[in-house]
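The values are calculated or read from the model by the stated rules, or taken from the named source; none is laboratory data. Computed from a predicted model, the values in this text were never measured in an experiment. Cβ coordinates were reconstructed from backbone atoms using ideal geometry, including for glycine residues, and neighbour counts include every protein chain displayed.
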Amino acid sequence: MKSYLEIKVPISFDDYWFRELRGLLDGVDIRWQRGFYHITMAFLDYAPDNVNMIPGLNGIIEDAVAPAITFDKLDAFASGYHRQVIHLTTTDAPDDFLETVKDIRRYFLAKGCEIQSDFKLHVTLGRVQDPRMNVRKLQDIISQVDLPELTLDLTDVDYRIFKDYGKPLGHWKLQM
């Protein structure tokens, strides 16, 4: 079963900087994310069906503190043939959050899960489908956005089956 653990990021499609970003890229074939903004802490390419992950996750997450992350950078990275991801990120990730992510990923691996992708702290804003674009062109364009420093408290964590937004396997509220 493919699944993932995410921490929700409270931004809006209507935020002025996001409108500015979309305006600068008007005419470029992009699938914009219109909600469900999050950081994927672990994407499981495979999780054994006979293992209940919730008790172990409870132990890790109950000890975690809600991170306050200052998002201060828009960027892009390549994601397959003629595709790029436009994302929001930070230049200074909190060490305690990164340690929690490592603990979660180690736990999943110890339970027999397969994780092929490394952790990259980012919030996907859009997926570029336009073959005329590459990462460097995107970075040049998005660098023009007047992005404010957004310090956000991240409190909601969901464990979900991949592509099933209706039914999380688990939900936690981190303490501030």
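For region 116-137, the criterion of being more than 19 Å from the chain's Cα centre (by Cα), under 24 Å from PRO168 (Cα atoms) and among the aliphatic types (A, V, I, L, M) is met by no residue. With a requirement of 3 or more residues that are buried (at least 18 other Cβ atoms within 10 Å of the Cβ), the strands (runs of 3 or more DSSP E) lying completely within region 1-74 that satisfy it span 3-8, 38-44. For region 82-90, does any single residue satisfy the condition of being part of a helix (DSSP H, G or I), exposed (fewer than 15 other Cβ atoms within 10 Å of the Cβ) and out of contact with any His (no Cβ under 6 Å at 6 or more places or on another chain)? Within region 82-90, none of the residues are part of a helix (DSSP H, G or I), exposed (fewer than 15 other Cβ atoms within 10 Å of the Cβ) and out of contact with any His (no Cβ under 6 Å at 6 or more places or on another chain). For ASP15, state whether it is touching a Leu at 6+ places or on another chain (Cβ under 9 Å) and either free of Cβ contacts under 8 Å to residues at least 60 places away in the same chain or of a type in the set (Asp, Glu) (or both). Yes.
I need the full set of residues from region 133-176 which are of a type in the set (Ser, Thr, Tyr) and modelled with pLDDT of 95 or more, in order please. It would help to see each step written out before you state the result.
Step one: of region 133-176, the residues of a type in the set (Ser, Thr, Tyr) are 143, 151, 155, 159, 165.
Residues satisfying the conditions are SER143, THR151, THR155.
Comparison of PHE77, PHE108, PHE97 shows that the only residue that is crowded, with 17+ Cβ neighbours inside 10 Å and within 25 Å of PRO10 (Cα to Cα) is PHE97. Every test in (1) at pLDDT 95 or above; (2) over 20 Å from PHE18 (Cα atoms) is passed by SER117 save one, and that test is (1).
Within region 122-133, not a single residue is assigned to a helix (DSSP H, G or I), out of contact with any Cys (no Cβ under 8 Å at 6 or more places or on another chain) and touching a residue at least 24 places away in the same chain (Cβ under 8 Å). Residue pairs whose Cβ atoms lie under 7 Å apart, separated by 6 or more positions or on different chains, with the first residue in region 87-100 and under 23 Å from ILE141 (Cα atoms) and the second basic (Lys, Arg) and modelled with pLDDT of 95 or more, are THR89/LYS73; THR90/LYS73; THR91/LYS73.
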